[in-house]
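The values are calculated or read from the model by the stated rules, or taken from the named source; none is laboratory data. Predicted model only: the values in this text are computed from it and were never measured. Virtual Cβ from ideal backbone geometry, glycine too; neighbours counted across all protein chains shown. Calculation scope for accessible area: heavy atoms of the full protein, side chains included, ligands and nucleic acids excluded. Shrake-Rupley method; radii C 1.70, N 1.55, O 1.52, S 1.80 Å.
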Amino acid sequence: MSKAHNSVPDHAEAAAKFLQDQERANWHDKALWFNRQKRDVSANLIPDWELLRETASQIKDNVLANLDEYLVQFEQNALQNGIHVHWAADAAEHNEIVLQIIQEHGVGKLVKSKSMLTEECHLNEFLATQGIDIIDTDLGERIVQLAKEPPSHIVLPSIHKRKEEVGELFHQHLGTEKGASDPAYLTEAARVHLREKFLTADIAITGVNFAIAETGGFVVCTNEGNADMGVHLAKVHIACMGIEKIIPKAEHLGVFLRLLARSATGQPITTYSSHFHRPRAGQEMHLVLVDNGRSAHLGRKDFYNSLKCIRCGACINTCPVYRRSGGHSYHYAISGPIGAILAPNRDMREYADLPFASTLCGSCSNVCPVKIDIHNQLYQWRQVLAAEDYVPKTKKDGIQVMAKVLSSPTLYRVAGKSGRLMMRLLPGLANNKALNPWARQREMPQPPKETFRDWYKKNRPKDE
Amino acid sequence: MSSREKILQQVKANKPPMSPLPTQTTFASIPPEERLTAFIKSNENAGGIVCLVPDVAIIGNYLKVNFTSPERILNTVQGVGFGLEADAPITDGRAFGNLEIAVVESLLGVAENGAAWVTEDNLPTRVLPFICEHLALVIHADNIVGTMHEAYAALNVAATGYGTFIAGPSRTADIEQSLVIGAHGPKRMHVFIVQPF
């Protein structure tokens, strides 16, 4: 009996739904590819690009091989800097820690800049159950928050939304003019709306891009300036990070900051790269180190190096499957190829469909700034998921039959012959979109009159 | 066992085999004579307006001509001579909620990306370069390095409680990938590069 899940969202099904709106799907595809192209232009301007990738990869390998030591070193230095350091074994503990800090300060108003970790831990939803509202301040995140949706992309959270939809949301929630959809007008409205939130916030939560073991400080990158606006005005700063975000030395930031924005959007650097080492006078600074499955993930020989990820989104922008299926079809906080190899570490049953949401073309691995072998891991996850019986029976049976046929020359010839005969006699069967999922987006080819093998038998030189 | 011990123990048990830090530490840079031009180009690409000035006092003249009223400006750079001055640290940044222009010194610029390093040592309050509508940075041409590697070699980031690289006015493209300048931070940015003739 297969352990495959029948009730959870399935990527292929969700993708089919996304593709029903052809115009939107085409727009989405082009918008993401545009980002990929900007990345290429930017990368090609750096003569050392490949050396940078290799260096970044080696630094991250070193981090993972010494993670316990770097974590202790970081903690020690951060404490000396006057930062409160917390450790959370899982999402629930992370959320409890944040809640406790909030309650110690009498709740008050909260703003949050982008943090994929808090998405992974479902912090907003948890705080809502405690009656606490939190305002996402990144424009894209605010848009999806108002729409009551999760982000569909780690760098471009609202890339699935058209400007008319944003206009309608802002009309309802921010009182912009009905029907207005000009991005500059809508952005200005969000600026005014969120400026008031910044000026009245008591607590600001941020993610962390890099934490430096050697100095006990951390770096947060944004283009909008929302992380800085939040934390510099609030009395309390809570920064949340996965334990893999550590880097050994400040000089390594040179390597990572050169790669991050170029890989993400093609910018040579984000507008703001802010380095926090000590709270400002009168401010309280907290840092939550979160495991949530990472230490177990570290022990998976074929998969641990996905923990090198710096969350640039380059693999997502380039992925032909992501571009034509949308981020929500991955039903995980992190979408696209990187999400598809991270998610099964969390829950094989829930995310068994994701490693199959790929053509294995390898474009993701080619653009990855820290050289994660993403497409290999997608392939290897398929083996693990099948061995552990998390693959639906139809897929498993089909692949087993195919394996048998392809490994036996006799069976292959018989199958080929009968297949061609069937396609000639009953072409409707192969083209039936209900029976043959392969034919859903494709026309089946005309069967050839003879195979190469038959032709060769007839035509080979006689003296052979 | 605390979560801290539990996490550290499991990381230690599961961590992959030893892998040394890379030894190669030199990367191609921009030749010194091209850095100023490269910085200007990168910063303009990021949406900045760059002005070359022979001395700091010229900045004051420029501001006077363009912005007339000194009340619109908070100046933190010695010698500019125009605008209000903050003589003591300011604990509550909200005081600047309606500030139009802030003049701030940057101690280091990076040619490859147009970013300028600003620390709290040069600010009356950390939020100043974010909360103003229009940021004017002042940087000396001699302090422009080629790449981020050189920047980190020249800086001690832990020497200050807070420091940031700023590359242009704030921006977003979160609505249909349309670039809009002026998200939550400044809507405009000037960079005055001081280069004695």
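General observations
- Debye, to nearest 20: dipole size of the stretch A:26-154, +1 on Lys, Arg Cβ, -1 on Asp, Glu Cβ: 640
- Across the stretch A:111-124, computed HN-Hα scalar couplings (Karplus, 6.51 cos²θ - 1.76 cosθ + 1.60, θ = phi - 60°) run 10, 9, 8, 5, 8, 5, 5, 5, 5, 4, 8, 6, 4, 4 Hz from first to last residue, x flagging Gly and Pro.
- Chain B pair-distance distribution - Cα-Cα, 5 Å bins, rounded %: 1, 7, 14, 16, 17, 14, 9, 6, 6, 5, 3, 2, 1, 0
- Point-to-point label distance, B:ASN45-B:PHE197, nm (Cα→Cβ direction, 7 Å offset): 3.1
- For A:TRP87, nonlocal amide neighbours, meaning residues 5 or more places apart or on other chains whose placed amide H falls under 5 Å from its own, are A:LEU289.
- Helix axis angle, B:56-67 relative to chain B longest principal axis, alpha carbon, degrees: 70
- Choice from B:GLU133, B:GLU44, B:GLU34 showing the highest fluctuation, given a GNM over chain B with Cα pairs closer than 10 Å: B:GLU34
- Sum of side-chain charges, A:GLY254 neighbourhood, beta-carbon under 11 Å (Lys, Arg +1; Asp, Glu -1): -1
- Between B:THR25, B:THR68, B:THR125, the residue with the greatest mean-square fluctuation in the GNM of chain B (Cα pairs under 10 Å linked by springs) is B:THR25.
- Using the Cβ-Cβ distance between B:ASN156 and B:SER69 with R0 set to 35 Å, the FRET efficiency from 1/(1 + (r/R0)^6) comes to roughly 0.35.
- Local charge for B:ARG171 was computed over the other residues whose Cβ lies under 15 Å away, with Lys and Arg +1 and Asp and Glu -1, and equals -3.
- Neighbour net charge for A:SER306 - beta-carbon separation under 11 angstrom, K R +1, D E -1: +1
- Charge-dipole axis of the protein assembly as shown as Lys and Arg at +1 and Asp and Glu at -1 on Cβ define it, positive-most pick from A:VAL405, A:THR55, B:GLY109: A:VAL405
- Rounded D (µm²/s) - the stretch A:408-459, Kirkwood Rh over Cα pairs, Stokes-Einstein at 10 °C, 1.306 mPa s: 130
- Global form of the stretch B:1-117, assessed from the alpha-carbon gyration tensor, a/c cut-off 1.5: oblate
- Once the Cα atoms are used to define both axes, helix B:3-14 deviates from the longest principal axis of chain B by about 60 degrees.
- For chain A, the list of Cys residues with no other Cys C-beta under 4.7 Å reads A:CYS121, A:CYS221, A:CYS240, A:CYS309, A:CYS312, A:CYS319, A:CYS361, A:CYS368.
- A Förster radius of 56 Å combined with the Cβ-Cβ distance from B:SER2 to A:TRP438 puts the calculated FRET efficiency at roughly 0.55.
- Database remark: amide H of B:HIS190 closer than 5 angstrom to the amide H of B:ILE49, B:LEU135, B:ALA136, B:LEU137 (H placed geometrically; neighbours at sequence offset of 5 or more, or on other chains; Pro and chain starts carry no H).
- For the stretch B:79-88, the Karplus equation 6.51 cos²θ - 1.76 cosθ + 1.60, evaluated at θ = phi - 60°, returns couplings of x, 5, x, 9, x, 6, 10, 9, 8, 10 Hz by residue, with Gly and Pro reported as x.
- Expressed per residue, the C-alpha convex hull volume of the protein assembly as shown stands at 197 Å³.
- In terms of accessible area, using a 1.4 Å probe and ignoring ligands and nucleic acids, A:CYS361, A:CYS121 rank largest first as A:CYS361, A:CYS121.
- Calculated from backbone phi, Karplus (6.51, -1.76, 1.60) coupling profile of the stretch A:35-45 in Hz, x at Gly/Pro: 5, 4, 5, 5, 4, 4, 4, 5, 5, 5, 7
- Most positive-pole-ward Cα, A:GLY313, A:TYR456, B:SER42, against dipole of the protein assembly as shown from beta carbon charges: A:TYR456
- For a straight C-alpha distance cut-off of 22 angstrom, the lysines reachable from A:LYS30 (same-chain residues fewer than eight places away being disregarded) are A:LYS17, A:LYS38, A:LYS161, A:LYS163.
- Amide hydrogen proximity for B:ALA115: with H placed 1.01 Å from N in the peptide plane, the residues at 5 or more positions away or on another chain lying under 5 Å are B:VAL110.
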